[in-house]
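Bear in mind these aren't lab numbers, they're just calculated from the coordinates by the rules spelled out. Bear in mind the structure is a predicted one, so any value in this text is a computation, not a measurement. All Cβ positions, even for glycine, are placed from backbone atoms using ideal geometry, and neighbour counts span all protein chains on display.
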Amino acid sequence: MTTEFPIRMDIDGHVASIVLNRPEKKNRMGLDFFPTLETLVQKAEAEPDVRAIILRAEGSVFTAGLDLMEAGALLTDASASGRETLRKHILKLQQSFSALEMCSKPVIAAVNGPCIGGGVDLISACDIRIASDDAYFSIRETRVAIIADLGTLQRLHHIVGYGRAAELALTGRDFTAKEACEMGLLSRCLPDPSALMEAAGQIAADIASLSPLAVQGVKDVLRFSRDHDIATGLAYVAQKNAALLLSEDLMEAFAAFSEKRVPQFKGR
């Protein structure tokens, strides 16, 4: 399965790769990027064989962020109705990134090279983030007189803590893959893009080998628990497991353990 510029999706077995596909423009996000991303995530969600998603980019730049020249077309009407139209458009852009977070399939962001502005919004909505040593990051919006509005300010402090998120968002400074790894934005740093893709593929394969019911349940419970208190999260996971535990996958896990073989999960 493929789509054309500016972003495409390839499916190999149980793993879908969503690929930023505008390397000649440093993978800047034009206005057509956002609905295309949401459509591809929905297709991956609907494909029963897909169990994990890798988000990566063609070329040496993960993304230079929002295409400001295209975005300027949204800033031509200063009337009250024009501002309301802009608000609604921002909400639609937010929805395309939130689709990654709300997708039941785990999403692994594999970052090579610069990841600027909207790129941080994008990867903050993913479940796992890894990068090559040549990657660097910047919440660049304050440097161009914008408030980051696609999810960084809502998600990043849950990932790296309020103080670090505030410093990075307020200064707009660059920070390296090593620093991103130390603060917890990244779970791994790899020496080069080749090693990065190998690691992303291995993580996706490891996830895909497990019970989809359990994996997708874990993602759901993690997301729910992040946004609720501990007692509410515990009640939610109790209900979730009561609904899912009596599955064919669980019986297969027991049988495989007894027979000393690798289980073959089917997601039912």
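In a Gaussian network model over the chain where Cα atoms closer than 10 Å are linked, find which of H158, H228, H14 has the largest mean-square fluctuation.
For the chain, modelled as a Gaussian network with Cα springs under 10 Å, the answer is H228.
Calculated from DSSP H runs of 4 or more alone, at -39500 (n - 2.57) each and per residue, what is the 222 nm mean residue ellipticity of the chain, nearest 500?
It lands at -15500 deg cm²/dmol.
So what is the relative contact order for region 169-268, in percent, with contacts set as C-alpha pairs under 8 Å and at least six apart?
Values: 50 pairs, mean separation 23.0, N = 100.
Dividing the mean separation by the residue count of region 169-268 yields 23 percent.
Please work out the Cα center distance from region 181-199 to region 144-163, rounded to the nearest Å.
So the separation of the two Cα centres works out to 21 Å.
Quick one: among V41, V107, V160, which has the greatest mean-square fluctuation in a GNM of the chain with alpha-carbon springs under 10 angstrom?
Between V41, V107, V160, it is V160 that shows the largest mean-square fluctuation.
Can you pull a Stokes-Einstein diffusion coefficient for the chain at 10 °C (1.306 mPa s), Rh from Kirkwood over Cα pairs, as a whole number of µm²/s?
81
Strictly over 22 Å apart at the Cα level, which of K105/K240; K92/K219; K219/K266 would you flag in this model? Mind showing how you got there, number by number?
Working: K105/K240 17 Å; K92/K219 24 Å; K219/K266 18 Å.
Pairs exceeding 22 Å: K92/K219.
Determine, for each peptide in 232-238, 57-63, the mean count of other beta carbons within 10 angstrom over its residues, then list the peptides with the highest first. Could the numbers behind the result be given before it?
On the way: 232-238: 13.1, 57-63: 21.3.
Sorting 232-238, 57-63 by mean packing, highest first, produces 57-63, 232-238.
With bins 5 Å wide starting at 0, give me the P(r) of region 121-194 over every alpha carbon pair, in whole percents.
Spelled out bin by bin, region 121-194 gives 3, 17, 28, 28, 15, 7, 2, 0 percent.
What share of the DSSP beta bridges in the chain is antiparallel, in percent to the nearest 5?
On the way: 9 of 30 bridges.
Roughly 30 percent of the beta bridges in the chain run antiparallel, per DSSP.
As an exercise, take the mean of 1/r over every pair of distinct alpha carbons in region 212-259, invert it, and state the Kirkwood radius in angstroms. Let's see the in-between values first.
Values: mean 1/r = 0.0854 Å⁻¹.
For region 212-259, the Kirkwood estimate is 11.7 Å.
Relative contact order for the chain using alpha-carbon pairs under 8 Å, separation at least 6, rounded to a whole percent?
Working: 465 pairs, mean separation 41.0, N = 268.
15 percent.
Order of Y136, Y162 from fewest to most other C-beta atoms within 10 Å?
Y162, Y136
Taking neighbour counts of Cβ atoms within 10 Å as a proxy for exposure, in what order, fewest first, do C115, C189 appear? Spell out each step's value before the answer.
On the way: C115 28, C189 21.
Fewest-to-most Cβ neighbours within 10 Å comes out as C189, C115.
With the calculation restricted to Cα positions, what are the radius of gyration and Dmax of region 136-247 in angstrom?
Cα only, region 136-247: 17.8, 53 Å (Rg, Dmax).
Taking only Cα atoms, what is the 0 to 90° angle, nearest 10, from helix 212-226's long axis to the longest principal axis of the chain?
Tilt relative to the chain: about 50 degrees.
Based only on other Cβ atoms within 10 Å, what is the fewest-to-most ordering of F224, F265, F137?
Numbers: F224 14, F265 22, F137 26.
The order, fewest Cβ neighbours first, is F224, F265, F137.
Rank-order 76-82, 128-134 by packing density, defined as the average count of other C-beta atoms within 10 Å over each peptide's residues, highest first. Write out the running numbers ahead of the final one.
On the way: 76-82: 9.3, 128-134: 22.3.
Put in order of decreasing packing, that is 128-134, 76-82.
Using the crude model of +1 on Lys and Arg Cβ and -1 on Asp and Glu Cβ, and no other charge, please compute the dipole size for region 212-268 relative to its Cα centre, in debye to 20.
Numbers: 8 positive and 7 negative charges, 30 e Å.
Rounded to the nearest 20 debye, it is 140 debye.
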